[in-house]
Amino acid sequence: MHAESRARRRRPTGEPIEINKDLIAASSTPIVLAILSEEDSYGYAILQRVRELSGGRMEWTDGMLYPVLHRLERLGHVEARWEVAGSGRRRKYYGITSRGHARLAEERRQWQAVESTLRGIWRELSVPALANHPARA
């Protein structure tokens with residue numbers, strides 16, 4: 001797995017774990033759209049906000065963020081514009097569109113259903129949360 005397609009999480013003990021790239025891909029759209037629903041932002045600030053909102057458990061790279069932003073822009077969920085920062089540096093800002101707000105609402109509905117289902121499964125079946133369980137052949 002390439003470093004740019006990984007996000008890392010830290011367990012309460014500080015031990016880092018890798019998040020499956022399929023889960024990263026699936027969660028990237030609602031995460032980015034939710035951040036942009038707060039306010040327009042640029043790449044580095046979005047990366048910082050992901051880290052902040054996850055309590056440092058998720059660390060995205062620009063190599064995984066920008067393809068997501070470009071895809072969302074192609075789909076009409078975000079719009080991009082260039083602005084000059086106080087430092088004189090040009091930054092590309094992204095803002096969520098009305099279509100993006102609708103996508104975010106649908107993503108939220110779907111993720112709530114998945115999260116509720118998983119909680120019910122783990123509770124009902126008493127599936128342990130230990131990562132060191134031997135796998136069955």
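Taking the range 34-57 only, how many residues are of a type in the set (G, A, S) and not in a helix (DSSP H, G or I)?
Restricting attention to the range 34-57, the residues satisfying the condition of being of a type in the set (G, A, S) are 34, 37, 41, 43, 45, 54-56.
Among the residues that remain, those that are also not in a helix (DSSP H, G or I) are: 41, 54-56.
The qualifying residues number 4.
Each row is one residue, and each column tells you yes or no for (1) part of a helix (DSSP H, G or I); (2) of a type outside the set (S, T, N, Q); (3) closer than 13 Å to T29 by Cβ.
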{"site": "E59", "(1), (2), (3)": "no, yes, no"}
{"site": "G63", "(1), (2), (3)": "yes, yes, no"}
{"site": "P67", "(1), (2), (3)": "yes, yes, yes"}
{"site": "H70", "(1), (2), (3)": "yes, yes, yes"}
{"site": "G86", "(1), (2), (3)": "no, yes, no"}
{"site": "K92", "(1), (2), (3)": "no, yes, no"}
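Report the residue count in the range 39-61 for those that are of a type in the set (S, T, N, Q) and either in contact with a His (Cβ under 9 Å, 6 or more places away or on another chain) or under 18 Å from A85 (Cα atoms) (or both). Qualifying residue count, the range 39-61: 2. Of all residues in the range 24-38, those that are closer than 10 Å to Y94 by Cα have Cβ atoms under 7 Å from Cβ atoms of residues that are of a type in the set (S, T, Y) and not in a helix (DSSP H, G or I), 6 or more apart or on another chain, in L36/Y94.
Values quoted throughout were computed directly from the atomic coordinates according to the rules given, and no laboratory measurement underlies them. Note that this is a predicted model, so its numbers are computed, not measured. Heads up, the Cβs are rebuilt from the backbone with ideal geometry, glycines too, and the neighbour counts pull from every protein chain shown.
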